[in-house]
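*Asks:* Questions regarding the structure given below will be posed in turn.
The values are calculated or read from the model by the stated rules, or taken from the named source; none is laboratory data. Computed from a predicted model, the values in this text were never measured in an experiment. Cβ placement follows ideal geometry from the backbone for every residue including glycine, while neighbour counts extend to all protein chains displayed.
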C-alpha cells in the first residue's frame, strides 16, 4: 500500500469512526472507552495491541451487530492514538436454514463499517466444516444442506417428533466445531469477544451437560478451565451425540487436525458494557449498518423459539395430524406463548397474524422446502415418528395420513426389517420420510427414543465463560 493510498484510507476510516460516534450516546462513549481499556489490558499494553487478534462470531443478529459496531469504533479509535490497532476476525456460521436476507444484512453491515478493504480485518464463514472467505453471494453447499436435512430428520424421529429438538439441536451442536475451527485457522486468534450475557451462556452449557448425560457420555465432569477445552468438549459432545443417533451408520465427517489451538484463548465479555450503555441501538443498526431482521433467522439466543415462524408451522401440523385439532389452533397456541419474543425480535405483526392462515402456511412450507429440502408430508412424518420401536406407530400414521397404503402395511414392515420387499414400497417409504432406507431400518430397530434434549431457558445453572451467540 503506497503512502498516499494509506493516507486516503486512514481519512476514510476516521470518517467511519465519526459517523459511528455520531450515533453514540454519552453512556455509549463511556462504554467504548472501557472496551478500549479491556482490549489494551488483554493485549498486554498499547505496545502489543498491533499483534493482538480478536474473534467475533457474527450470525447477523442484533446483539452481535451492535457489538461489532463497538469493536470497529474501538479499533479505529486506537488506530488514531497509536501506531497500530488490534486485528479483528469476524466469522459467520452458515448453518442449514440461513437465508439470503440474513447474509445480505451481514454484508451491508460490513460495507458500512468499511471492513472489506481493511487489512486489519478478516471476514470468514464456516460452512459444512470448511473455513471460507465471507461471500454473501456464495451458493449454499449442497453437501452441507444434505447433512443438515438428514440430521434434522434423524433427531426429529429419534426424539419422537420433538419440535424444539428437531429445529435447534443441530444448530447448537455445530457450534463446537465452528469455534474450534475458527479459533485455530491460519495461526489462530488471541481472544474471543462475546456480547452474550452470562445467563445465555449458562443456558447453553446446561443443555450441553444434559445432552451429554442423556447419551451416556463419560469424562465431561466439572467445568472446563479454558476456552480451548470448552470448545473441544462441545465438539466431542456433538460427535458422541450423533454417534448415538446414527449408531453403526455414523461417519466422522472431518478429523480434528485443523482445529488444534496452540495458545491460551482469552475471553473478553462486553455484555455488561452494552447493557450499561442503556441505548436503543435501532438507529445505529438500521440507519447506519443497514440491519434488517430476518423473520426466519435461527435464534441462537433463545432456543425455546429457535425459529418461531417455522416452529409455529410445525405446531400447526402437529395439531392437525396428531391432536385432532385444526392447523390454526396449533399455530395460535404456539404464537400465544412466543408473542413477546417475536415482538422483541421485531417480527412484523402482519407475518404473525398471517401465521395460521393459508398464506402463512404456504410461506413456512416454502421456507422448509427451500432451505431444508423438506416437503410438508416429510415434516408430518417426522412429527409422527412412525418407524421407531419396530414401527409401533406405523399403522396409526398410515391410517391418519396415508390410508391408501394400509393394505401395504405388512410389506412396509418387511422393508423396514431389511427383508426382501417390493421396490415400489421401498421408494414410497424413502420419499415419504426423506431418509434413505438404511437409516429407516436403523430407526425401526431403535427401541427407546433418544433423549434429544433442547435448551430450557428457564433452568438455572452455573458455567464458565461464554460461548455461542448471534
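*Asks:* Among 296, 341, which is in a loop (DSSP other than H, G, I, E, B) and either touching a helix residue (DSSP H, G or I) at 6+ places or on another chain (Cβ under 6 Å) or surrounded by 21 or more Cβ atoms within 10 Å (Cβ to Cβ) (or both)?
*Replies:* 296
*Asks:* Provide a single number: the residues in segment 120-137 that are surrounded by fewer than 20 Cβ atoms within 10 Å (Cβ to Cβ), assigned to a loop (DSSP other than H, G, I, E, B) and at pLDDT 95 or above.
*Replies:* So the answer is 4.
*Asks:* Further question on the same structure: If you scan segment 1-57, which residues turn out to be in a loop (DSSP other than H, G, I, E, B), touching a residue at least 12 places away in the same chain (Cβ under 8 Å) and more than 20 Å from residue 123 (Cβ to Cβ)?
*Replies:* 24, 25, 46
*Asks:* Let me ask something else about it. How many residues are farther than 19 Å from residue 274 by Cβ and surrounded by fewer than 19 Cβ atoms within 10 Å (Cβ to Cβ) when one looks only at segment 20-52?
*Replies:* Residues meeting the conditions: 7.
*Asks:* Does residue 318 satisfy being in a helix (DSSP H, G or I), surrounded by fewer than 20 Cβ atoms within 10 Å (Cβ to Cβ) and at pLDDT 90 or above? Can you show your working first?
*Replies:* Details: in a helix (DSSP H, G or I): yes; surrounded by fewer than 20 Cβ atoms within 10 Å (Cβ to Cβ): no; at pLDDT 90 or above: yes.
For residue 318, the condition - in a helix (DSSP H, G or I), surrounded by fewer than 20 Cβ atoms within 10 Å (Cβ to Cβ) and at pLDDT 90 or above - is not met.
*Asks:* Another question, then. Inside segment 413-427, can you point out the residues that are closer than 14 Å to residue 388 by Cα, surrounded by fewer than 18 Cβ atoms within 10 Å (Cβ to Cβ) and within 36 Å of the chain's Cα centre (by Cα)?
*Replies:* Answer for segment 413-427, where residues must be closer than 14 Å to residue 388 by Cα, surrounded by fewer than 18 Cβ atoms within 10 Å (Cβ to Cβ) and within 36 Å of the chain's Cα centre (by Cα): just 417.
*Asks:* Would you mind telling me which numbered condition in (1) at pLDDT 95 or above; (2) buried (at least 20 other Cβ atoms within 10 Å of the Cβ) residue 111 fails?
*Replies:* For residue 111, the exception is condition (2).
*Asks:* Could you check segment 388-420 and list, in sequence order, the residues that are over 22 Å from residue 319 (Cβ atoms) and touching a residue at least 60 places away in the same chain (Cβ under 8 Å)? Break it down stepwise before answering.
*Replies:* First, the residues of segment 388-420 that are over 22 Å from residue 319 (Cβ atoms): 389-391, 404-420.
Once the filter is applied, which keeps residues that are over 22 Å from residue 319 (Cβ atoms) and touching a residue at least 60 places away in the same chain (Cβ under 8 Å), segment 388-420 yields only 389.
*Asks:* Only one of 156, 216, 171 is closer than 30 Å to residue 436 by Cα, modelled with pLDDT under 90, surrounded by 17 or more Cβ atoms within 10 Å (Cβ to Cβ) and assigned by TED's automatic domain parsing to the domain that holds residue 267. Can you tell me which?
*Replies:* The conditions single out 171.
*Asks:* OK, next. Within segment 428-438, how many residues are touching a residue at least 40 places away in the same chain (Cβ under 8 Å), more than 9 Å from residue 387 (Cβ to Cβ), in contact with a helix residue (DSSP H, G or I) (Cβ under 6 Å, 6 or more places away or on another chain) and part of a helix (DSSP H, G or I)?
*Replies:* Here the count works out to 1.
*Asks:* When the residues of segment 267-282 are narrowed to those that are out of contact with any helix residue (DSSP H, G or I) (no Cβ under 6 Å at 6 or more places or on another chain) and more than 21 Å from residue 192 (Cβ to Cβ), which ends up surrounded by the most Cβ atoms within 10 Å (Cβ to Cβ)?
*Replies:* 282
*Asks:* Also: May I ask you to list the residues in segment 379-414 that are part of a helix (DSSP H, G or I) and on the phi > 0 side of the Ramachandran plot?
*Replies:* Those that are part of a helix (DSSP H, G or I) and on the phi > 0 side of the Ramachandran plot: 389, 390, 391.
*Asks:* Sticking with this structure for a sec: Restricting to segment 357-371, give me the number of residues that are buried (at least 20 other Cβ atoms within 10 Å of the Cβ) and at pLDDT 90 or above.
*Replies:* Residues in segment 357-371 being buried (at least 20 other Cβ atoms within 10 Å of the Cβ) and at pLDDT 90 or above: 4 in total.
*Asks:* Okay, moving on. Can you pull out the residues in segment 75-104 that are assigned to a helix (DSSP H, G or I) and surrounded by fewer than 23 Cβ atoms within 10 Å (Cβ to Cβ)?
*Replies:* Scanning segment 75-104 gives 77, 78, 79, 80, 81, 100, 101, 103, 104.
*Asks:* Which of the following residues is on the phi < 0 side of the Ramachandran plot and modelled with pLDDT under 95: 59, 50?
*Replies:* Matching residue, one of 59, 50: 59.
*Asks:* Go through the residues of segment 164-178 one by one and say whether even a single one is in contact with a strand residue (DSSP E or B) (Cβ under 6 Å, 6 or more places away or on another chain) and part of a loop (DSSP other than H, G, I, E, B).
*Replies:* Checking segment 164-178: not a single residue is in contact with a strand residue (DSSP E or B) (Cβ under 6 Å, 6 or more places away or on another chain) and part of a loop (DSSP other than H, G, I, E, B).
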